[in-house]
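Enquirer: Dropping a structure here in structure tokens format, bear with me for questions.
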Amino acid sequence: MRTSINPFHRNLFFAYLQAVCLVTLVGVASVGAQDLDADGGTDTTDDEAIIAAGVAVDASGVLQRLTKRDTQGILARERAQQALASLDADIAQRSKLRKVSLTRLAKLIKKSIEEGHGPDEAMKHLAGMTRIKYTFYYPETQDIVIAGPAEGWMQDLAGRPVGIESGQPVLELQDMIVALRTFPPNKNSKSVVYCSIDATEEGLARMQEFLSQVGTKFQGGIDEQFIVNGLRESLGLQVITVGGVPATTHFAQVMVEADYRMKLIGVGLEEPAANIKSFVSMANFASIARNAMMRWWFVPDYQRIRVSEDGLAAEFVGDGVKLVGEDEVVSNDGERRQAGSQNRASQRFTQSFTDNYGALADRDPVYAQLRNCIDLLVFAALIQKNDFYGQAGWDLSVLGDEKIYPVQTYNAPKQVAAAVNTIWKGSRLTTPVGGGVQVRATEVINVDNLLVDEKGEVDAARKQVSLKDLPVDKWWWD
């Protein structure tokens, strides 16, 4: 039996559900969800492990999820063996601290393009480096260098290039290029890089019309699936917005996927690969105003860059990513405003996510990819601020020219279908939400956030490397 409600209660319930309707962006295990396999069909064989394989964007910009199935890890082992056979032994060897000179790499890529074959796989994957630990500048040779752990790599079942031993995603040249173009030479950029997904006005209007047919309380016999289907159908396709970087890049797709998988964890639609409790498992909805919205978004972790006294070396410390939150209040007419606070369950969720981000990134590649993308932006902002471009006489060469080296080659994510999770709290049916990614890289390198190299360890790490005797065609080394 469905009950009717007066307009005031309908608006409250509408606002509450606006805070709790979830848009699914990636392939995850959820009740009633059907997973597309990599060939576009469905498969529900129980004796195979289901591996979430990220997202696909069709030509019209609509996202759908993909999964790939692997029986007892056979496909993964085969890929590892094939990758090891194709890689040179020196680059496939695991290294605690591999160095890559970006200025040398750019020159060699320019040469490779002029010769007609373009960069090789080692160049595209930055010699297998999985994280940035240090950045160095060498005035005597005009080399801008990044350094960090590295290993041989392969394509995982999701198509991500990951370390064969660690499973950690490797840094990608295409993401580095996006970061460098965001903070290019001869500019003073203050770019904010972000993504968001929002319901359309038409979808919200349809949802409000649907909610006018149901009440804030449901009596016995109500068809829960009717409510789920009604919410999903009335909301329709959601709009995806990317800012600060081109939406047609791999960089943008990493942000969007990581953002929404975080939301899925928060609302209990995805089991996290680390010890993170969902918001809905901790929330007491009776103590949360019906017109409240929970919002969670990723930001860089500040005060994590340790810089040498002369500014020629920097160390990236910690996990690099924080999840922050804030409550919003929705008025009767649908206007949203900041509440200036965060309820306790939301605080516990964001803190738990931040505390366990490193463990999550170790086990779920998309979060490590997001961390790498944020680090690349911070690195690019750092070399722009210190004018290492000018000191090195480097204008990015072909890496700065989309016509010569295109990275805007992906279908831009524009829309995604709604998927609704339902949770019973007493007699009330709720479906919570939140989210975003916002990177203000220039704030990370603000002088107030930089850490002092008190022991001189960062400077010592730079001085351990000598490039004077390095062959001109050598762009990476251990």
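Every residue, every condition in (1) at pLDDT below 85; (2) assigned to a loop (DSSP other than H, G, I, E, B), yes or no:
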{"site": "E402", "(1), (2)": "no, yes"}
{"site": "Y405", "(1), (2)": "no, yes"}
{"site": "N411", "(1), (2)": "no, yes"}
{"site": "V416", "(1), (2)": "yes, no"}
{"site": "V433", "(1), (2)": "yes, yes"}
{"site": "N446", "(1), (2)": "no, yes"}
{"site": "K455", "(1), (2)": "no, yes"}
{"site": "L470", "(1), (2)": "no, yes"}
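Enquirer: Tell me which residues, restricted to segment 239-283, are assigned to a loop (DSSP other than H, G, I, E, B) and in contact with a strand residue (DSSP E or B) (Cβ under 6 Å, 6 or more places away or on another chain).
Expert: Residues satisfying the conditions are G244, V245.
Enquirer: Now for a separate question. Take L63 and tell me if it is under 17 Å from Q253 (Cβ atoms) and modelled with pLDDT of 70 or more.
Expert: When the stated conditions are applied, L63 passes them.
Enquirer: Still on this structure, I have one more. Does segment 123-130 include one or more residues that are under 21 Å from A380 (Cα atoms), over 20 Å from the mean Cα position of the chain (by Cα) and at pLDDT 95 or above?
Expert: yes
Enquirer: How about segment 71-129: which of its residues are over 25 Å from I146 (Cβ atoms), among the basic types (K, R) and loosely packed, with under 15 Cβ neighbours inside 10 Å?
Expert: R77
Enquirer: Quick one: which of S101, S112, S86 is closer than 24 Å to V178 by Cβ and free of Cβ contacts under 8 Å to residues at least 40 places away in the same chain?
Expert: Exactly one residue qualifies, and that residue is S112.
Enquirer: Considering every residue within segment 255-270, establish whether at least one is surrounded by fewer than 18 Cβ atoms within 10 Å (Cβ to Cβ), of a type in the set (V, I, T) and at pLDDT below 85.
Expert: no
Enquirer: Do the conditions hold for P161, that is, is it touching a His at 6+ places or on another chain (Cβ under 7 Å) and of a type outside the set (F, W, Y)? Give the derivation first.
Expert: Details: touching a His at 6+ places or on another chain (Cβ under 7 Å): yes; of a type outside the set (F, W, Y): yes.
So P161 fits the description; yes.
Enquirer: Moving on. State yes or no: is L180 modelled with pLDDT under 80, part of a helix (DSSP H, G or I) and not hydroxyl-bearing (S, T, Y)? Spell out how you get there, then give the answer.
Expert: Working: modelled with pLDDT under 80: no; part of a helix (DSSP H, G or I): yes; not hydroxyl-bearing (S, T, Y): yes.
Taking the combined requirement at face value, the residue does not satisfy it.
Enquirer: Any residue that is more than 30 Å from R104 (Cα to Cα) and either at pLDDT 95 or above or among the acidic types (D, E) (or both) - is there at least one of those in segment 372-386?
Expert: Checked against the condition, which is being more than 30 Å from R104 (Cα to Cα) and either at pLDDT 95 or above or among the acidic types (D, E) (or both), segment 372-386 yields no hits at all.
Enquirer: I'm checking my understanding of the structure. Among residues of segment 216-238 that are outside any helix (DSSP H, G or I) and at pLDDT 80 or above, which one is nearest to the chain's Cα centre (by Cα)?
Expert: Only one residue fits best here, namely Q238.
Enquirer: A further question on this structure: Taking interchain pairs and intrachain pairs at least six residues apart, which have beta carbon atoms under 6 angstrom, with the first residue in segment 123-152 and under 15 Å from L87 (Cβ atoms) and the second of a type in the set (S, T, Y)?
Expert: Sorted first by the residue in segment 123-152, then by its partner, the pairs are A150/S95.
The values are calculated or read from the model by the stated rules, or taken from the named source; none is laboratory data. These figures come from a predicted structure and were not determined experimentally. Methodologically, a virtual Cβ is constructed for each residue, glycine included, from the backbone with ideal geometry; neighbour enumeration extends over all protein chains shown.
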